[in-house]
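*Asks:* This is the structure, below, for whatever I ask next.
The values are calculated or read from the model by the stated rules, or taken from the named source; none is laboratory data. As the structure is a prediction and not an experimental result, all values here were calculated from the model. Every residue, glycine among them, receives a Cβ derived from its backbone with ideal geometry; neighbour counts consider all protein chains shown.
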Amino acid sequence: MDRIKGTAVLDKTFDILEAIGLSTDGLDNQQLAAQLNLPRATLYRLLALLIERGMVRRDANNKCYRLGFRYLELVRGAWMEPDLIAAASFELRALRDLTGETTYLAIRDGDQVLSLERCDGAHSRRSAASMGQRKAMYCTGQGKAILSALADEERRELVKHMTLTALTPLTITDRNRLMTELDVTRVRGYAIDDEEIVLGVRCVAAPGGGQRGPGTRRAEHRRPGLSPDPGTIDPARSGSGGIGAAGG
């Protein structure tokens, strides 16, 4: 097979991988071509190469493309702190079993948070965050928990250069208000995402050792208010402490 060369081709290849990886149901040829605005001939050549290398696979049942098993192997092996994931797995499962909610582990990646692990809860309504996905710090429980644990100067510099985009009507977009909330978060020991990234979904998160910790997603119908709920907050804080002790 002819190999296409050039950095522009690399960009297109990564665009294909990202589009497929962010789709929960996979994408077919037509959807990929429309979403990425690529000529069909180029798209087919790059897909053929990705399939050959195991980075993408074609689902014969619905004729769509999904991430390949080789890609998933590399992602699993390349996670920045596999020891942390191993140490966190028990705590995440225990927190999920205790609360019935979906639990997450995330770490800081620059000015974003990177999802490393997830244990799905019993409820159908949950966040659509996927492993390896990066999200903003200012509007997520995990991000705000990590920000609250940073040194004051480092936190100020990070917030100063963030673009605070309103993802929902409840997203905090005022820097002073965000800094105040981070101060409150530091004192009480946990952060709250009050429908700031997805309407109808709330998150309670606590920082673990080394500014890492699990977050637990809560659907609106499960928790109409945001008053402290020991059934979720206390386990989240104790779970993050366990992860910090084991993994940090």
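*Asks:* Just a yes or no: is a residue in the stretch 179-197 part of a strand (DSSP E or B) and either under 30 Å from Asp25 (Cβ atoms) or modelled with pLDDT under 85 (or both)?
*Replies:* Looking for residues that are part of a strand (DSSP E or B) and either under 30 Å from Asp25 (Cβ atoms) or modelled with pLDDT under 85 (or both), one finds at least one in the stretch 179-197, hence yes.
*Asks:* Being among the aliphatic types (A, V, I, L, M), under 20 Å from Arg134 (Cα atoms), outside any loop (DSSP other than H, G, I, E, B) and not assigned by TED's automatic domain parsing to the domain that holds Gly132 is the requirement here; does Leu17 meet it?
*Replies:* Answer is yes for this residue.
*Asks:* Test Leu49 against the criterion of being at pLDDT 90 or above, part of a helix (DSSP H, G or I) and surrounded by 17 or more Cβ atoms within 10 Å (Cβ to Cβ), and give yes or no. Step through it out loud before you land on a result.
*Replies:* Working: at pLDDT 90 or above: yes; part of a helix (DSSP H, G or I): yes; surrounded by 17 or more Cβ atoms within 10 Å (Cβ to Cβ): yes.
Answer is yes for this residue.
*Asks:* Can I ask one more? Within the stretch 83-117, take every residue that is in a helix (DSSP H, G or I) and among the polar types (S, T, N, Q) and give me the one that is modelled with the lowest pLDDT.
*Replies:* In the first step, residues of the stretch 83-117 are kept if they are in a helix (DSSP H, G or I); the result is 83-99.
Still in the list and also among the polar types (S, T, N, Q): 89, 99.
Numbers: Ser89: 82, Thr99: 85.
Checked the stretch 83-117; the qualifying residue modelled with the lowest pLDDT is Ser89.
*Asks:* Another one. Name the residues in the stretch 163-182 that are touching a helix residue (DSSP H, G or I) at 6+ places or on another chain (Cβ under 8 Å) and not β-branched (Val, Ile, Thr), would you?
*Replies:* Leu164, Arg175, Leu178, Met179, Glu181, Leu182, listed by residue number.
*Asks:* Could you give me the residue pairs with C-beta distances under 9 Å whose first residue belongs to the stretch 150-161 and is without any contact (Cβ under 8 Å) to a residue 24 or more places away in the chain, whose second residue is among the hydrophobic types (A, V, I, L, M, F, W, C) and surrounded by 10 or more Cβ atoms within 10 Å (Cβ to Cβ) wherever it lies, and which are 6+ apart or on separate chains?
*Replies:* Listed pairs, sorted by first residue: Arg156/Met179; Val159/Met137; Val159/Leu147; Val159/Leu178; Val159/Met179; Val159/Leu182.
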